[in-house]
Amino acid sequence: MKKTTPRSFKKQSAISIVYHIAALLFAFLSQIVIARVFGPEGRGIFANAYMLAGVLELLLSSGHALTNAYFVASGKQRASEAAGSSIIGLAMSVLLLSGFTFYVIHWRPSFVVLLSNSIILLAFAAIPIRLLAEQLNGIQRGLGHADLAYMYYGIAGLSRLLSLVIFCLLLSWDRLETVFVAGLIGVSVGALFALWFLRHYLAFSWLKPRPKAFIQSMGYSLKFFGGKISSPMEWQIDIIIIPLILSDVASLGNYAQGFAILNQMLLLPVVLGYVLMPRVAKNANESDYLTARVCRLVFTFSACMGIAILLLAKPVVPLVFGKDFSAAVPLMWIMLAGMVFRSVSKILYYYCQGAGMPMTITVVSFISLGAMLTIDIILIPIIGIKGAAIGTLCSCFVEFLIFSSIFLRNSGATLGQMLLLRRTDVQLLANTFRNLKYMAQIPDQTEPP
C-alpha cells in the first residue's frame, strides 16, 4: 500500500482552507436552496431536527474522534488500534440510537413537537454514518493528514448540494423530508471516501478491534464528553430549547439562518485549529508561540469579516435568501461581536485539546451553556427571539474570557500579544498569497511572546 507524507503546518493549513472554503460554499448554496424552497418556517423545522440529531451524535460519539487524533498523534495508539476501537464504539452507538429512536417515535416527547416521525427517522439515519466518518477523520488528523480529513466535508457537501438541486429544483419535490434524504446521501458518499483513503493510502492493518484499546480510548474521550455536549456553539443547542419557550417557528428559522451565516466567520479558526491540535499534542512545550500567532491571525480575519457582514447584511440577506429572512439581519447584528471573539475561543479550544486538558474544556463549556440558557429563559418570554441572540452573544464572551485567561496564564503572553497583529504576521500572509512554497521563510520563533 502507498503511504503519503504529511505536509507542513502552513501547507496543511493553506490546503485545508481551500477544502473548507469549498465545503462552506456547498453548504451555503444548500442553505439558499432550503430557504428559497421552504421559507423561514421550513428552515426552522429543519434546524430543529438537524440540531437534535447533532446533539444526539455528540452524546453517542463521546469525544471518540478527538481521542483518535490525540492518541495517534502522540503515539499512544497505532492507527489500527484506533480504528478497531472506533468500530466497537460504533456498534454500541447503533444499539443506543435504535432504543432512543423507538422512544421518540412512540412517546413523542415535547422537544420533538415540530417534527414528524418521517423527519426524525431520516435525521437519525445519518448519525451512524457521520460517527464513522468523523472517527476515521480523527485518525487521519493524528497521522498528520488534517488537510485530507477536510476533503471529506467538501465531498459530503457537494453530494448533498447536487441531491438537493435534483430533488427540489429539477424534480420539484417540496416535502421537507427531501432535505434529509439529500443529507443522508451526502454523508454516505463522504464516509465512503474516508474509508477508501484510509484503506488504500495510509497502509495500516485494517480493523483490529481490541477491548483494551477501546477501554483506553473511552477513558480519555469521556473527559471530553461534557465539553462536547455542553458547548453551546457546537450545534447551537438552544435551537432545541427555543420551541419550548417560543411558538413562532418563523422566528426560529430566522434565528437559525442568521447564526448559520455568522458561523462562516469560523472558517479560518476551525481549519487552523484542526491542524494545530496534533502539533500541540506532539510538542506541547513549544506550541505557545504558534498558538498566539494563530490567534492573532484569526482575530484579525474575523474582525474584517465582521465589518463586512455589518455593512452588507441588510441588503444581501433578503436578496440571497428571500425577503422573508429580512428579520434575520437584526439578530445577526446582535450576535456579531460575540462571534468575532468566538473565533479566538475556537483556536484555544483546540489548544486545550492538544495540551491534554479535556476537563478544562468541559468546565468552560458548562459555564457558557449555563449563561446562554439562563439568558434565554429570562429574555425570550419578554422580547422574543432577540433574547436568544443576546444569550448567544453573552455565551461567546464568557467562553472567550475563560479560555483566554487559561492560555495567557499557561503561556505567559499578554492579551495584546494574543490579539494584535505583528509585522511578521503580515509578512507571513504576504508570502502565503504570493506562493505556497515561500510560506516557511518567516521563522516561527521570531518575536516570542
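Quick note: the coordinates plus some simple rules give every number you see, no bench work behind them. Owing to the predicted nature of the structure, the values given are computational and were not obtained by experimental measurement. Cβ: placed from backbone, ideal geometry, glycine included. Neighbour counts: every protein chain shown.
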Residue-ordered couplings for the range 410-419, obtained by feeding phi - 60° into the Karplus form 6.51 cos²θ - 1.76 cosθ + 1.60 and rounding to whole Hz (Gly and Pro as x), are 6, 8, x, 7, 9, 4, x, 5, 8, 10
Taking only C-alpha positions in the range 50-140, Rg and Dmax in angstrom work out to 14.9, 46
By the scheme Lys and Arg +1, Asp and Glu -1, what is the net charge of all other residues having a beta-carbon under 13 Å from that of Met339?
+1
Calculate, axis by axis, the spread of Cα positions in the range 231-436 along the three principal axes, and write the results as whole Å, longest axis first.
51, 40, 25
Which residue, chosen from Phe299, Ile380, Leu319, occupies the Cα position most advanced towards the positive end of the dipole of the range 231-436, where the dipole is computed from +1 (Lys, Arg) and -1 (Asp, Glu) charges on Cβ about the Cα centre?
Phe299
Whole-Hz Karplus couplings 3J(HN,Hα) for the range 81-86, θ = phi - 60° and coefficients 6.51, -1.76, 1.60, Gly and Pro as x, run 5, 5, 5, x, 5, 5
